[in-house]
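The structure under discussion is supplied below as structure tokens; questions concerning it will follow.
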Amino acid sequence: MRPITPVTVRETRREMNRLTIFGLFAVSAMLVFYTLEERKPVYVLAFAGACALGSIYGFLQGAWPFGIVEGIWAAVAVRRWRQKCRAER
């Protein structure tokens, strides 16, 4: 076991890379659009898009179960958007 030194601590720190920033954006967008869904149907569609981005993120970072679940959420949100659009007509 290596002793903890400033060099090993520095080596273990992880910087936010582009994939992590993309994931943070996707999940943050999901949260924002989910809270706005009751205002207009377009926010439900935006939530679906954010879920699709979350799905892409899950697959890209290797968490395929997360990618699958987010893909399902995207499909469910698109269905809810269609239903809301029909109800407004």
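The values are calculated or read from the model by the stated rules, or taken from the named source; none is laboratory data. Every value quoted in this text rests on a predicted model; they were computed, and no experiment measured them. We place every Cβ from the backbone using ideal geometry, glycine too, and count neighbours over all the protein chains shown.
Looking at LEU45, LEU19, LEU24, which is the one that is surrounded by fewer than 14 Cβ atoms within 10 Å (Cβ to Cβ) and in contact (Cβ under 8 Å) with a residue 12 or more places away in the chain?
LEU19 is the lone residue from the list that is surrounded by fewer than 14 Cβ atoms within 10 Å (Cβ to Cβ) and in contact (Cβ under 8 Å) with a residue 12 or more places away in the chain.
Okay, residues lined up against (1) within 8 Å of the chain's Cα centre (by Cα); (2) closer than 25 Å to GLN83 by Cβ:
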{"residue": "GLY23", "(1), (2)": "yes, no"}
{"residue": "VAL32", "(1), (2)": "no, yes"}
{"residue": "GLU38", "(1), (2)": "no, yes"}
{"residue": "TYR43", "(1), (2)": "no, yes"}
{"residue": "GLY54", "(1), (2)": "yes, yes"}
{"residue": "TYR57", "(1), (2)": "yes, no"}
{"residue": "GLN61", "(1), (2)": "no, no"}
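Within region 1-55, count every residue that is in a helix (DSSP H, G or I) and at pLDDT 65 or above.
The total comes to 34.
Cβ contacts < 6 Å: first residue touching a residue at least 40 places away in the same chain (Cβ under 8 Å), restricted to region 61-72; second residue of a type outside the set (S, T, N, Q), any location; separation 6+ or different chain. Result?
Here the result reads GLN61/LEU19, each pair linking region 61-72 to a residue that is of a type outside the set (S, T, N, Q).
Right, ALA87: at pLDDT 95 or above and part of a helix (DSSP H, G or I) or not?
Answer is no for this residue.
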